[in-house]
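What follows is a single structure, written as structure tokens, with notes after it.
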Amino acid sequence: MGAGAPDDGVVVDVVFDAGVLYLELANLSDRPALNVACRFDPPLLDLQRREVSKLPLFSRVEFLGPGRRIRTLLDSTASYFARDAPTRVTVAVEYERPDGPRQSTTLAHDFEIYRDLAYLT
């Protein structure tokens, strides 16, 4: 990325695939991200009832390569909505670039959009 070019960021995305929800940590840049840490508001629990922000994937990734995406299972949509999990979640991702200041990206996710999607079982 050239000098003065905007940073494409590091984000946590929600991925829907055949009735299953995944969380994906993604480095959208062609530069590595360092010391990546995420905060979820409100906290999210995965299928195993672990608080996702405490998983090493979201609490501290020392190096996330350019264009790298790492995905973890959140839950099936049926199970997620049956347990009254949060439907609106904000995720703040903090990270650094080599020789750069600490940066952050904040995204809001609305899980309601996945509630009534059709899929084969």
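General observations
Let's see how each residue does on (1) out of contact with any His (no Cβ under 8 Å at 6 or more places or on another chain); (2) part of a loop (DSSP other than H, G, I, E, B); (3) open to solvent by less than 40 Å² (accessible area, probe 1.4 Å); (4) modelled with pLDDT under 95:
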residue: E62; (1), (2), (3), (4): yes, no, no, no
residue: Y80; (1), (2), (3), (4): yes, no, yes, no
residue: D84; (1), (2), (3), (4): yes, yes, no, yes
residue: V91; (1), (2), (3), (4): no, no, yes, no
residue: E94; (1), (2), (3), (4): yes, no, no, no
residue: T121; (1), (2), (3), (4): yes, yes, no, yes
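- Counted residues, segment 96-114 - those being closer than 18 Å to V11 by Cα, in a loop (DSSP other than H, G, I, E, B) and charged (D, E, K, R): 2
- Search result, residues across segment 91-109 that are touching a Ser or Thr at 6+ places or on another chain (Cβ under 8 Å) and under 14 Å from D41 (Cβ atoms): V91, A92, V93, E94, T106, L107, A108, H109
- Considering residues of segment 12-29 that are touching a Ser or Thr at 6+ places or on another chain (Cβ under 7 Å) and over 19 Å from R60 (Cα atoms) only, the residue surrounded by the fewest Cβ atoms within 10 Å (Cβ to Cβ): G19
- Close pairs from segment 51-65: first farther than 19 Å from R102 by Cβ, partner exposed (fewer than 13 other Cβ atoms within 10 Å of the Cβ), Cβ under 6 Å, at least 6 apart: E51/P43
- Any pair with Cβ under 9 angstrom, 6 or more apart, that starts in segment 81-99 at a residue that is in contact (Cβ under 8 Å) with a residue 40 or more places away in the chain and ends at one that is hydroxyl-bearing (S, T, Y) and assigned to a loop (DSSP other than H, G, I, E, B): R97/S29
- Qualifying residue in segment 41-59 (condition: of a type in the set (D, E), open to solvent by 30 Å² or more (accessible area, probe 1.4 Å) and assigned to a loop (DSSP other than H, G, I, E, B)): no
The values are calculated or read from the model by the stated rules, or taken from the named source; none is laboratory data. Since the structure is predicted, the reported quantities are computational estimates derived from the model, not experimental observations. FYI the Cβ positions are ideal-geometry reconstructions off the backbone, even for glycines, and counts take in every protein chain you see. Protein only, heavy atoms only, side chains kept; ligands, DNA and RNA dropped before computing areas. Shrake-Rupley method; radii C 1.70, N 1.55, O 1.52, S 1.80 Å.
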